[in-house]
Amino acid sequence: MLTSADLANRPVFRPVYVLLASNLFTLLVAIWQRWDILPLLWIYWGQSVVIGLFTVLRMLSLDLFTTDGMRWNGRNLPPTLSTKIHLTITFILGYGFFHAGCFVFLSIFSAKNEDVQLTGILICVAVFFVHHWLSWRQSRKEDHEGLPNISHIHAFPYLRILPMHLTLIIGAGFMDRYAFSLLLFMTLKTMADVAMHVIVHRLEHNKARGNKWGQSTINSNIRENVL
């Protein structure tokens, strides 16, 4: 039976503490500055962009990887450098288009607000950047020890940010109700943030380990294709 110490020593749980601290820090800043929902929406949009940035860096840093289940024009995609670049570009375009739409959405609301609190927003985004940098370092280590599926790395960020963007929509609906909207928004967002962080990293960790042991006999062939 796992103890609390066992869970704390698992790599996936270490960045969670930083994630919780990041959300708590943002909440304290929001209360101190008496923010409404709008600055928080910008902060979590920025966090989502940071997730995309580190996903791109992670995909580009892969040496060995699999493409199990991926097909293009009726053919299985090989684990090659060209495949890695192709998937990275499609991720940038898809993820970028999605966040460009959110940017327009938030800009419309911000146009009616003269005090957007840019300095506070950037500080809070920087705090979340630290968390995702630590998480990226952990993921790189697991990628090196295992054999990750690049399609999962390509897709999981959408799963990661979906609950967060649902809270953006909920938060926008309570823009004028400070106390209620702030507590509701922060509670929902933090719960979704932590839950999806643990779920996604655990799925990636388990799949990477399974690929490592299940496909160790083809590593040399994959290395030739990548290089």
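Just so you know, all these numbers are worked out from the coordinates, no wet-lab data involved. Here the structure is a predicted model, which means the values were calculated and not measured. Here the Cβ positions follow ideal geometry from the backbone for every residue, glycine too, while neighbour counts run over all protein chains shown.
Each peptide in 17-24, 105-112, 38-45 gets a packing score, the mean of other Cβ atoms within 10 Å over its residues, and the list from highest to lowest is 38-45, 17-24, 105-112. Amide H contacts of ASN149: THR66, each under 5 Å away and 5 or more positions distant or on a separate chain (H built 1.01 Å from N in the peptide plane; Pro and chain starts excluded). Highest mean first, the peptides 119-125, 145-151 sorted by other C-beta atoms within 10 Å per residue fall in the order 145-151, 119-125. What residues qualify as long-range amide H neighbours of MET70, i.e. H under 5 Å apart, gap of 5 or more or another chain, H built at 1.01 Å from N? Sorted by chain and number, the residues that satisfy this are LEU77.
For segment 83-95, backbone phi angles converted through the Karplus equation (6.51, -1.76, 1.60; θ = phi - 60°) give residue-by-residue couplings of 5, 4, 5, 4, 5, 5, 5, 5, 5, 4, 5, x, 5 Hz, Gly and Pro being listed as x. Packing, taken as the mean count of other beta carbons within 10 Å per residue, orders the peptides 85-93, 127-135 from highest to lowest as 127-135, 85-93. The HN-Hα couplings worked out from phi for segment 144-154 by the Karplus form 6.51 cos²θ - 1.76 cosθ + 1.60 (θ = phi - 60°) are 5, 7, x, 9, x, 8, 5, 5, 5, 4, 5 Hz, whole numbers, x standing for Gly and Pro. Counting other Cβ atoms within 10 Å as a rough exposure proxy, the listed residues ARG202, ARG75 run ARG75, ARG202 from fewest neighbours to most. Note on segment 25-133: Rg/Rh from Cα positions, Kirkwood definition for Rh, rounded to two decimals, is 1.12.
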